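First up is the structure itself, then whatever we jot down about it.
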Amino acid sequence: MNPYALSILLSSLAVGTITTLSSSHWFLAWVGLEINTLAMTPLMTKTHHPRSTESATKYFLTQAAASALILFSTIMNAWTTGEWTIITMNDNSSTFMLTVALAIKLGVAPFHLWLPDVMQGLNLTTCLILATWQKLAPMSLMIMINHQLNTNLLITMAVLSAVIGGWGGLNQTQIRKMMAYSSIAHLGWMTLVLSFSPNLTTLNLMIYLMLTSSMFLMMTTLNSTNINKLSTSWLKAPLLASSMMITLMALGGLPPTSGFLPKWLILQEMTKQHLGAVSTLMAMSALLSLFFYLRLSYAISLTTAPNTSNSNMTWRMTHTQMQTLPMMITLTTMMLPITPTLLAMLN
(Lines give C-alpha, C1' and ligand atoms only; values in the text may rest on other atoms or scores of the structure.)
Protein backbone atom coordinates (compact mmCIF):
# COMPACT_ATOMS: atom_id res chain seq x y z
CA MET A 1 0.00 0.00 0.00
CA ASN A 2 1.11 3.57 -0.71
CA PRO A 3 2.80 4.92 2.46
CA TYR A 4 0.84 8.19 2.24
CA ALA A 5 -2.48 6.30 2.06
CA LEU A 6 -1.36 4.05 4.92
CA SER A 7 -0.44 7.02 7.11
CA ILE A 8 -3.82 8.68 6.41
CA LEU A 9 -5.70 5.47 7.27
CA LEU A 10 -3.74 4.89 10.50
CA SER A 11 -4.22 8.54 11.48
CA SER A 12 -7.95 8.19 10.82
CA LEU A 13 -8.03 5.09 13.05
CA ALA A 14 -6.39 7.08 15.84
CA VAL A 15 -8.66 10.11 15.33
CA GLY A 16 -11.81 7.95 15.32
CA THR A 17 -10.94 6.20 18.57
CA ILE A 18 -9.80 9.40 20.32
CA THR A 19 -13.00 11.17 19.19
CA THR A 20 -15.14 8.45 20.75
CA LEU A 21 -13.03 8.32 23.93
CA SER A 22 -13.20 12.10 24.48
CA SER A 23 -16.85 12.69 23.54
CA SER A 24 -19.75 13.24 25.93
CA HIS A 25 -22.38 13.47 23.17
CA TRP A 26 -23.78 10.36 21.50
CA PHE A 27 -23.63 11.78 17.97
CA LEU A 28 -19.92 12.59 18.28
CA ALA A 29 -19.23 9.12 19.71
CA TRP A 30 -21.09 7.60 16.74
CA VAL A 31 -19.05 9.70 14.29
CA GLY A 32 -15.83 8.42 15.93
CA LEU A 33 -16.98 4.80 15.53
CA GLU A 34 -17.84 5.44 11.86
CA ILE A 35 -14.43 6.99 11.13
CA ASN A 36 -12.88 3.91 12.75
CA THR A 37 -14.85 1.51 10.55
CA LEU A 38 -14.23 3.45 7.33
CA ALA A 39 -10.46 3.62 8.03
CA MET A 40 -10.24 -0.09 8.88
CA THR A 41 -11.97 -1.38 5.72
CA PRO A 42 -9.23 -0.31 3.21
CA LEU A 43 -6.53 -1.65 5.57
CA MET A 44 -8.21 -5.05 5.32
CA THR A 45 -8.20 -5.09 1.52
CA LYS A 46 -4.57 -4.04 1.04
CA THR A 47 -3.39 -7.64 0.36
CA HIS A 48 -5.60 -7.92 -2.81
CA HIS A 49 -6.71 -11.47 -2.09
CA PRO A 50 -10.28 -12.85 -2.35
CA ARG A 51 -10.18 -13.85 1.34
CA SER A 52 -9.25 -10.33 2.44
CA THR A 53 -11.98 -8.83 0.24
CA GLU A 54 -14.50 -11.22 1.79
CA SER A 55 -13.28 -10.29 5.29
CA ALA A 56 -13.53 -6.58 4.57
CA THR A 57 -17.09 -7.01 3.19
CA LYS A 58 -18.21 -9.02 6.23
CA TYR A 59 -16.59 -6.54 8.59
CA PHE A 60 -18.14 -3.51 6.87
CA LEU A 61 -21.67 -4.97 6.79
CA THR A 62 -21.53 -6.07 10.44
CA GLN A 63 -20.13 -2.77 11.68
CA ALA A 64 -22.59 -0.77 9.56
CA ALA A 65 -25.53 -2.70 11.04
CA ALA A 66 -24.16 -2.11 14.58
CA SER A 67 -23.62 1.61 13.87
CA ALA A 68 -27.17 1.96 12.57
CA LEU A 69 -28.48 0.28 15.73
CA ILE A 70 -26.39 2.62 17.93
CA LEU A 71 -27.75 5.68 16.13
CA PHE A 72 -31.33 4.37 16.31
CA SER A 73 -31.10 3.58 20.04
CA THR A 74 -29.56 6.96 20.91
CA ILE A 75 -32.16 8.86 18.84
CA MET A 76 -34.87 6.86 20.63
CA ASN A 77 -33.33 7.74 23.99
CA ALA A 78 -33.15 11.43 22.99
CA TRP A 79 -36.81 11.27 21.91
CA THR A 80 -37.97 9.96 25.30
CA THR A 81 -35.56 11.78 27.66
CA GLY A 82 -34.57 14.90 25.70
CA GLU A 83 -30.88 14.18 26.40
CA TRP A 84 -28.00 13.38 24.02
CA THR A 85 -25.29 13.01 26.67
CA ILE A 86 -23.68 9.59 26.98
CA ILE A 87 -24.28 9.10 30.70
CA THR A 88 -28.07 9.65 30.49
CA MET A 89 -29.33 6.45 28.86
CA ASN A 90 -32.53 6.23 30.94
CA ASP A 91 -34.81 4.46 28.46
CA ASN A 92 -34.72 0.66 29.02
CA SER A 93 -35.41 -0.43 25.43
CA SER A 94 -32.83 2.05 24.08
CA THR A 95 -30.23 0.77 26.56
CA PHE A 96 -30.97 -2.84 25.57
CA MET A 97 -30.53 -2.05 21.85
CA LEU A 98 -27.36 -0.08 22.55
CA THR A 99 -25.87 -2.99 24.55
CA VAL A 100 -26.59 -5.36 21.65
CA ALA A 101 -25.08 -2.92 19.13
CA LEU A 102 -21.86 -2.49 21.15
CA ALA A 103 -21.68 -6.28 21.63
CA ILE A 104 -21.85 -6.70 17.82
CA LYS A 105 -19.06 -4.11 17.43
CA LEU A 106 -16.87 -5.92 19.95
CA GLY A 107 -17.67 -9.49 18.85
CA VAL A 108 -19.19 -10.62 22.16
CA ALA A 109 -21.23 -13.86 21.95
CA PRO A 110 -23.89 -14.51 20.68
CA PHE A 111 -22.90 -11.77 18.15
CA HIS A 112 -19.42 -13.21 17.59
CA LEU A 113 -19.79 -15.14 14.32
CA TRP A 114 -18.16 -12.49 12.14
CA LEU A 115 -14.92 -12.24 14.12
CA PRO A 116 -13.14 -15.60 13.42
CA ASP A 117 -13.97 -15.47 9.68
CA VAL A 118 -12.86 -11.86 9.32
CA MET A 119 -9.58 -12.43 11.19
CA GLN A 120 -8.76 -15.54 9.16
CA GLY A 121 -8.77 -13.53 5.92
CA LEU A 122 -6.40 -10.79 7.13
CA ASN A 123 -2.65 -10.50 7.48
CA LEU A 124 -1.17 -10.57 10.99
CA THR A 125 -0.64 -6.81 11.34
CA THR A 126 -4.25 -6.02 10.45
CA CYS A 127 -5.37 -8.82 12.79
CA LEU A 128 -3.39 -7.11 15.56
CA ILE A 129 -5.21 -3.81 14.95
CA LEU A 130 -8.61 -5.54 14.81
CA ALA A 131 -8.02 -7.56 18.00
CA THR A 132 -6.62 -4.68 20.07
CA TRP A 133 -7.13 -1.08 18.89
CA GLN A 134 -10.64 -1.66 17.51
CA LYS A 135 -11.85 -2.85 20.94
CA LEU A 136 -11.00 0.44 22.67
CA ALA A 137 -13.83 2.70 21.45
CA PRO A 138 -16.83 0.33 21.95
CA MET A 139 -15.49 -0.92 25.31
CA SER A 140 -14.95 2.66 26.53
CA LEU A 141 -18.61 3.43 25.74
CA MET A 142 -19.70 0.32 27.67
CA ILE A 143 -17.58 1.43 30.65
CA MET A 144 -19.04 4.97 30.50
CA ILE A 145 -22.63 3.72 30.72
CA ASN A 146 -21.95 0.68 32.96
CA HIS A 147 -24.33 1.86 35.73
CA GLN A 148 -27.30 1.89 33.30
CA LEU A 149 -26.75 -1.47 31.60
CA ASN A 150 -28.88 -4.56 32.24
CA THR A 151 -26.79 -6.77 34.58
CA ASN A 152 -28.59 -10.02 33.68
CA LEU A 153 -28.04 -9.41 29.96
CA LEU A 154 -24.33 -8.71 30.54
CA ILE A 155 -23.85 -11.85 32.66
CA THR A 156 -25.63 -13.99 30.04
CA MET A 157 -23.46 -12.62 27.22
CA ALA A 158 -20.33 -13.00 29.36
CA VAL A 159 -20.94 -16.67 30.17
CA LEU A 160 -21.84 -17.41 26.54
CA SER A 161 -18.67 -15.64 25.33
CA ALA A 162 -16.41 -17.52 27.75
CA VAL A 163 -17.93 -20.92 26.83
CA ILE A 164 -18.03 -20.28 23.06
CA GLY A 165 -14.56 -18.70 23.10
CA GLY A 166 -13.17 -21.84 24.77
CA TRP A 167 -15.23 -24.34 22.81
CA GLY A 168 -14.70 -22.74 19.39
CA GLY A 169 -10.92 -22.70 19.62
CA LEU A 170 -10.55 -26.39 20.50
CA ASN A 171 -10.62 -27.84 16.99
CA GLN A 172 -8.77 -25.08 15.11
CA THR A 173 -5.46 -25.39 13.30
CA GLN A 174 -5.24 -21.74 12.18
CA ILE A 175 -3.71 -19.50 14.87
CA ARG A 176 -5.64 -16.42 13.72
CA LYS A 177 -8.94 -18.19 14.38
CA MET A 178 -7.64 -19.38 17.75
CA MET A 179 -6.76 -15.79 18.64
CA ALA A 180 -10.24 -14.67 17.53
CA TYR A 181 -11.87 -17.18 19.91
CA SER A 182 -9.38 -16.15 22.59
CA SER A 183 -10.54 -12.54 22.08
CA ILE A 184 -14.20 -13.60 22.44
CA ALA A 185 -13.42 -15.41 25.72
CA HIS A 186 -11.48 -12.45 27.14
CA LEU A 187 -14.30 -10.07 26.19
CA GLY A 188 -16.62 -12.36 28.14
CA TRP A 189 -14.54 -11.83 31.30
CA MET A 190 -14.59 -8.05 30.76
CA THR A 191 -18.35 -8.00 30.20
CA LEU A 192 -18.98 -10.15 33.31
CA VAL A 193 -17.57 -7.67 35.80
CA LEU A 194 -18.65 -4.50 33.96
CA SER A 195 -21.73 -3.79 36.11
CA PHE A 196 -20.00 -4.53 39.42
CA SER A 197 -16.50 -3.07 39.00
CA PRO A 198 -15.69 -1.09 35.83
CA ASN A 199 -12.15 -0.60 37.18
CA LEU A 200 -11.56 -4.35 36.90
CA THR A 201 -12.90 -4.26 33.33
CA THR A 202 -10.36 -1.53 32.52
CA LEU A 203 -7.54 -3.56 34.11
CA ASN A 204 -8.59 -6.69 32.20
CA LEU A 205 -8.72 -4.70 28.95
CA MET A 206 -5.20 -3.30 29.52
CA ILE A 207 -3.73 -6.73 30.23
CA TYR A 208 -5.63 -8.31 27.30
CA LEU A 209 -4.20 -5.63 24.96
CA MET A 210 -0.66 -6.34 26.16
CA LEU A 211 -0.95 -10.13 25.91
CA THR A 212 -2.60 -10.10 22.48
CA SER A 213 -0.19 -7.49 21.10
CA SER A 214 2.88 -9.47 22.21
CA MET A 215 1.39 -12.68 20.78
CA PHE A 216 0.67 -11.14 17.36
CA LEU A 217 4.09 -9.42 17.25
CA MET A 218 5.78 -12.76 17.91
CA MET A 219 3.65 -14.47 15.27
CA THR A 220 4.62 -11.74 12.79
CA THR A 221 8.32 -12.10 13.61
CA LEU A 222 8.21 -15.90 13.25
CA ASN A 223 5.83 -15.70 10.25
CA SER A 224 3.57 -18.36 11.79
CA THR A 225 -0.11 -18.56 10.87
CA ASN A 226 -0.91 -22.21 11.58
CA ILE A 227 0.25 -24.99 13.90
CA ASN A 228 2.51 -26.62 11.28
CA LYS A 229 4.46 -23.41 10.77
CA LEU A 230 4.56 -22.85 14.50
CA SER A 231 6.21 -26.23 15.10
CA THR A 232 9.32 -25.07 13.18
CA SER A 233 9.62 -21.83 15.18
CA TRP A 234 12.02 -23.39 17.69
CA LEU A 235 14.56 -23.83 14.86
CA LYS A 236 14.16 -20.19 13.84
CA ALA A 237 14.39 -18.50 17.25
CA PRO A 238 14.47 -20.63 20.42
CA LEU A 239 14.28 -17.65 22.79
CA LEU A 240 11.30 -16.13 21.00
CA ALA A 241 9.55 -19.52 20.88
CA SER A 242 9.95 -19.97 24.64
CA SER A 243 8.65 -16.42 25.17
CA MET A 244 5.63 -17.26 23.03
CA MET A 245 4.99 -20.32 25.19
CA ILE A 246 4.99 -18.14 28.34
CA THR A 247 2.66 -15.63 26.63
CA LEU A 248 0.24 -18.45 25.79
CA MET A 249 0.25 -19.52 29.44
CA ALA A 250 -0.49 -15.90 30.38
CA LEU A 251 -3.44 -15.84 27.94
CA GLY A 252 -4.69 -19.01 29.62
CA GLY A 253 -4.52 -17.29 33.02
CA LEU A 254 -1.89 -19.43 34.74
CA PRO A 255 0.02 -17.97 37.71
CA PRO A 256 2.53 -16.37 38.11
CA THR A 257 1.99 -14.62 34.74
CA SER A 258 0.09 -11.36 34.27
CA GLY A 259 -2.92 -13.17 32.77
CA PHE A 260 -3.74 -14.71 36.15
CA LEU A 261 -4.28 -11.27 37.71
CA PRO A 262 -7.63 -10.23 36.06
CA LYS A 263 -9.18 -13.71 36.33
CA TRP A 264 -8.31 -13.94 40.02
CA LEU A 265 -9.70 -10.46 40.81
CA ILE A 266 -12.86 -10.97 38.73
CA LEU A 267 -13.66 -14.33 40.38
CA GLN A 268 -13.06 -12.71 43.77
CA GLU A 269 -15.50 -9.89 42.88
CA MET A 270 -18.11 -12.37 41.62
CA THR A 271 -17.99 -14.37 44.87
CA LYS A 272 -18.42 -11.10 46.80
CA GLN A 273 -21.59 -10.52 44.75
CA HIS A 274 -22.83 -14.04 45.73
CA LEU A 275 -22.63 -15.32 42.15
CA GLY A 276 -20.94 -18.63 42.92
CA ALA A 277 -22.54 -20.59 40.07
CA VAL A 278 -21.48 -17.98 37.47
CA SER A 279 -17.95 -17.92 38.91
CA THR A 280 -17.70 -21.72 38.69
CA LEU A 281 -18.95 -21.74 35.09
CA MET A 282 -16.47 -19.02 34.09
CA ALA A 283 -13.57 -20.83 35.77
CA MET A 284 -14.49 -24.08 34.00
CA SER A 285 -14.77 -22.32 30.63
CA ALA A 286 -11.28 -20.86 31.21
CA LEU A 287 -10.04 -24.48 31.26
CA LEU A 288 -11.42 -24.94 27.73
CA SER A 289 -9.39 -21.95 26.54
CA LEU A 290 -6.35 -23.21 28.42
CA PHE A 291 -6.53 -26.50 26.51
CA PHE A 292 -5.95 -24.94 23.10
CA TYR A 293 -3.23 -22.63 24.49
CA LEU A 294 -1.53 -25.78 25.79
CA ARG A 295 -1.92 -27.33 22.34
CA LEU A 296 -0.05 -24.40 20.81
CA SER A 297 2.60 -24.56 23.55
CA TYR A 298 3.07 -28.27 22.86
CA ALA A 299 3.47 -27.55 19.13
CA ILE A 300 6.09 -24.88 19.85
CA SER A 301 8.20 -26.66 22.44
CA LEU A 302 7.78 -30.42 22.10
CA THR A 303 7.17 -30.86 18.37
CA THR A 304 10.43 -30.39 16.50
CA ALA A 305 10.42 -31.10 12.78
CA PRO A 306 12.68 -34.06 11.76
CA ASN A 307 14.38 -31.91 9.10
CA THR A 308 15.65 -28.37 9.01
CA SER A 309 13.16 -25.69 8.14
CA ASN A 310 13.31 -24.22 4.63
CA SER A 311 12.34 -20.80 5.94
CA ASN A 312 14.48 -17.87 4.86
CA MET A 313 15.12 -16.85 8.47
CA THR A 314 16.09 -20.13 10.09
CA TRP A 315 19.45 -19.07 11.46
CA ARG A 316 19.33 -15.30 11.67
CA MET A 317 16.53 -12.97 12.73
CA THR A 318 16.38 -9.42 11.43
CA HIS A 319 16.94 -6.93 14.24
CA THR A 320 15.37 -3.97 12.49
CA GLN A 321 11.80 -4.73 13.56
CA MET A 322 9.83 -5.34 16.73
CA GLN A 323 11.77 -3.09 19.11
CA THR A 324 8.76 -3.07 21.45
CA LEU A 325 8.63 -6.85 21.72
CA PRO A 326 11.01 -7.35 24.71
CA MET A 327 9.06 -4.80 26.76
CA MET A 328 5.72 -6.45 25.86
CA ILE A 329 7.03 -9.92 26.82
CA THR A 330 8.32 -8.56 30.15
CA LEU A 331 4.93 -7.00 30.93
CA THR A 332 3.23 -10.26 29.91
CA THR A 333 5.09 -12.21 32.57
CA MET A 334 5.91 -9.86 35.42
CA MET A 335 2.86 -7.80 36.39
CA LEU A 336 1.49 -10.07 39.11
CA PRO A 337 3.77 -8.76 41.92
CA ILE A 338 2.60 -5.16 41.33
CA THR A 339 -1.11 -6.02 41.69
CA PRO A 340 -1.68 -3.72 44.71
CA THR A 341 -0.11 -0.79 42.84
CA LEU A 342 -2.33 -1.39 39.76
CA LEU A 343 -5.46 -1.59 41.90
CA ALA A 344 -4.51 1.61 43.74
CA MET A 345 -3.98 3.38 40.40
CA LEU A 346 -7.39 2.26 39.09
CA ASN A 347 -9.24 3.16 42.28
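The values are calculated or read from the model by the stated rules, or taken from the named source; none is laboratory data. As the structure is a prediction and not an experimental result, all values here were calculated from the model. When we count neighbours, we look across all protein chains shown, and the Cβ atoms used for this are built from the backbone with ideal geometry, even at glycine. Just the protein is used for accessible areas: all its heavy atoms, side chains included, with ligands, DNA and RNA removed. Shrake-Rupley method; radii C 1.70, N 1.55, O 1.52, S 1.80 Å.
Quick notes
- Filter pass, Trp264 being open to solvent by 10 Å² or more (accessible area, probe 1.4 Å) and at pLDDT 90 or above: yes
- Remark: Ala137 falls outside the filter, which requires a residue to be farther than 22 Å from Ser23 by Cβ and in contact (Cβ under 8 Å) with a residue 60 or more places away in the chain.
- Test for Leu33: is it under 25 Å from Asn150 (Cβ atoms), open to solvent by 50 Å² or more (accessible area, probe 1.4 Å) and in contact (Cβ under 8 Å) with a residue 60 or more places away in the chain: no
- Of all residues in the range 301-332, those satisfying the criterion of being modelled with pLDDT under 75 and either of a type in the set (Ser, Thr, Tyr) or on the phi > 0 side of the Ramachandran plot (or both) are Thr304, Thr308, Ser309, Ser311, Thr314, Thr318, Thr320, Met322, Thr324.
- Ser12 vs. criteria open to solvent by 30 Å² or more (accessible area, probe 1.4 Å), touching a helix residue (DSSP H, G or I) at 6+ places or on another chain (Cβ under 6 Å) and among the small types (Gly, Ala, Ser): yes
- Exactly one residue out of Phe96, Phe72 is assigned to a helix (DSSP H, G or I), open to solvent by 60 Å² or more (accessible area, probe 1.4 Å) and touching a residue at least 40 places away in the same chain (Cβ under 8 Å): that is Phe96.
- The condition of being in contact with a helix residue (DSSP H, G or I) (Cβ under 8 Å, 6 or more places away or on another chain) and modelled with pLDDT of 95 or more holds for only one of Ile104, Ile86, that being Ile104.
- Within the range 145-178, restricting attention to residues that are out of contact with any His (no Cβ under 8 Å at 6 or more places or on another chain), of a type in the set (Ser, Thr, Tyr) and more than 20 Å from Gly121 (Cβ to Cβ), the residue that is surrounded by the most Cβ atoms within 10 Å (Cβ to Cβ) is Thr156.
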